[in-house]
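Data block below; observations after.
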Amino acid sequence: MAKRGGFPGGGMPGNMANLMKQAQKMQRQMEEQAKEMETKEFTATAGGGAVEVTISGKREVLKVKLDEEVVDPDDIEMLEDLIVAAVNEALRKVEEESGAAMSKLTGGMGGGIPGMF
């Protein structure tokens, strides 16, 4: 009968060490990717370009640009809606690029390890 809890043949500790090295490498890559994302800017428009919003990879609004014709004191709600739409689109772009970058890093990891990613 096999011993429970042990590593027969001593093979598992080597595999575990290799797995830990891979996990550490992936963690470094994820940290580098996060730093790179923070330096990027994402711009989106609404209202046919009447409103333009630029946000950082840190999800902070950097700039809002408005065309004069969209600034109508009698229709503030439309301007507010356009700003919200542009900000949400820019945030969606950040999430899309961040998710794609993360998938690239973790793509091969989940296959053989239950519960990983």
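The values are calculated or read from the model by the stated rules, or taken from the named source; none is laboratory data. Nothing here was measured: the structure is a model prediction, and the numbers come from that model. Note that each Cβ is placed from the backbone with ideal geometry, even for glycine, and that neighbours are counted across all protein chains shown.
Can you confirm whether residue 62 is out of contact with any Gly (no Cβ under 7 Å at 6 or more places or on another chain), modelled with pLDDT of 95 or more and surrounded by fewer than 15 Cβ atoms within 10 Å (Cβ to Cβ)?
The answer is yes for residue 62.
Checking the condition buried (at least 16 other Cβ atoms within 10 Å of the Cβ), out of contact with any strand residue (DSSP E or B) (no Cβ under 8 Å at 6 or more places or on another chain) and either of a type in the set (S, T, N, Q) or modelled with pLDDT of 95 or more (or both), which residue from 98, 56 passes?
98
Out of the residues in the range 1-46 that are farther than 30 Å from residue 106 by Cβ and modelled with pLDDT of 95 or more, which is surrounded by the fewest Cβ atoms within 10 Å (Cβ to Cβ)?
Among those that are farther than 30 Å from residue 106 by Cβ and modelled with pLDDT of 95 or more, it is 45.
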